[in-house]
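Asker: Below are the structure tokens for one structure; questions will follow.
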């Protein structure tokens, strides 16, 4: 009876949230296929034209390249750095709690705040630029390297690293606290070197946690909007920013292309989330 009461209490909120999400997603797909309510029904052409046209846009092709570059580099570097930090912390006997707290202090900080901090710190008029100018390392703001609002995406990657490395550390440290510790100690007692234990015991055991984290980080980096908007350039821009630019264009003919880009991004992230759920479900059965 108590479970039924809880279900009835949660049901109205769940219906509203699901309806808004599913309704908006379905309406976006319909717009990407050419169904647009502001256009007369006789002039509407339902099909895949928006999906074909969107890949013919140079801004979209450059945006896709930038998005994959930023997502892949951010994911790989976050994983490698977090793995190195986690292994160091796990081998440290003193001040371990303090080190964990230091690595995780910025987890509650929103990504938009992190992006603003990167902009204020590493832009050509930021704190680091002023310090180098003060100490004579650079001759002025224009002499400082462009690290934010750059074509490659250095600022975006730095912002993701600052936020995602602690997240990956949480997952890896949790995995390192499992039975792998006893296995590692047993192998050490039997004379196995640290590199051998790392390759044959530690990494294989914590690999599912690492893989789950990399999927989440890549999915977020691929679909994020606020960080690329603050730290990126107008061209090239990531797919999410390009989709917003197309959506807010005065010419409503660009609206289906914006929805096509949004749909493609949602499908990619959905596939990654499905892979993550399958992975965690398989680990739960073991």
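Here, each number is a calculation from the coordinates, and none is a lab measurement. Keep in mind that this is a model prediction, so the values were computed, not measured. Cβ: placed from backbone, ideal geometry, glycine included. Neighbour counts: every protein chain shown.
Asker: What FRET efficiency would be calculated for the residue pair residue 93, residue 207, taking the C-beta separation as r and a Förster radius of 30 Å, to the nearest 0.05?
Answerer: Values: r = 25 Å, r/R0 = 0.84.
Working from the Cβ atoms, E equals 0.75.
Asker: Next question. Based on the alpha carbon coordinates of segment 98-139, what radius of gyration and maximum Cα-Cα distance (Dmax) apply, in Å?
Answerer: Answer for segment 98-139, Rg first and Dmax second: 14.0, 40 Å.
Asker: What is the angle, in °, between the Cα long axis of helix 154-176 and the longest principal axis of the Cα atoms in the chain? Nearest 10 is fine, range 0 to 90.
Answerer: Roughly 50 degrees between the two axes.
Asker: What percentages make up the Cα-Cα pair-distance distribution of segment 39-134 when the bins are 5 Å wide from 0?
Answerer: Reading the bins upward from 0: 2, 9, 8, 11, 13, 14, 12, 8, 6, 6, 4, 3, 2, 1, 0.
Asker: From the list (i) 22.8; (ii) 16.0; (iii) 14.6, can you say which value of mean projected area of the Cα convex hull in nm² was derived from the structure given?
Answerer: Read-out from the structure maps to (i).
Asker: Please tell me the relative contact order of segment 48-285 in percent, rounded to the nearest whole number, where contacts are Cα pairs under 8 Å and at least six residues apart.
Answerer: Working: 267 pairs, mean separation 69.1, N = 238.
After rounding, I find 29 percent.
Asker: Taking Cα atoms, how many degrees apart are the long axis of helix 111-122 and the longest axis of the chain, rounded to 10 and kept between 0 and 90?
Answerer: Long axis of 111-122 versus the principal axis of the chain: about 80 degrees.
Asker: For segment 53-203, take the convex hull of the Cα atoms, compute a quarter of its surface area, and give me that in nm², please. Please list the in-between numbers first.
Answerer: Values: hull surface 53.6 nm².
Answer in nm², one decimal: 13.4.
Asker: Here's something else I'd like to know. Can you tell me the 0 to 90 degree angle between the C-alpha axis of helix 255-285 and the longest principal axis of the chain, rounded to 10?
Answerer: 30 degrees
Asker: Which value at 222 nm does the chain reach when only helices count, each DSSP H run of 4 or more adding -39,500 (n - 2.57), with the total divided by all residues and rounded to the nearest 500 deg cm²/dmol?
Answerer: Values: 13 runs with 204 residues, N = 286.
Computed ellipticity for the chain at 222 nm equals -23500 deg cm²/dmol.
Asker: Could you tell me the relative contact order of segment 14-133? Use alpha-carbon pairs under 8 Å, at least six residues apart, and round to a whole percent. Mind showing how you got there, number by number?
Answerer: Numbers: 35 pairs, mean separation 10.5, N = 120.
Over segment 14-133, the number comes to 9 percent.
Asker: Between residue 174 and residue 235, 0.36 nm times their residue separation minus their Cα-Cα distance comes to what? Please list the in-between numbers first.
Answerer: Working: separation 61, 0.36 × 61 = 21.96 nm, distance 4.03 nm.
My answer for the length gained is 17.9 nm.
Asker: I would also like to ask the following. Rounded to whole Å, give me the distance from the Cα center of segment 130-144 to that of segment 164-197.
Answerer: Rounded to whole Å, the Cα centres lie 44 Å apart.
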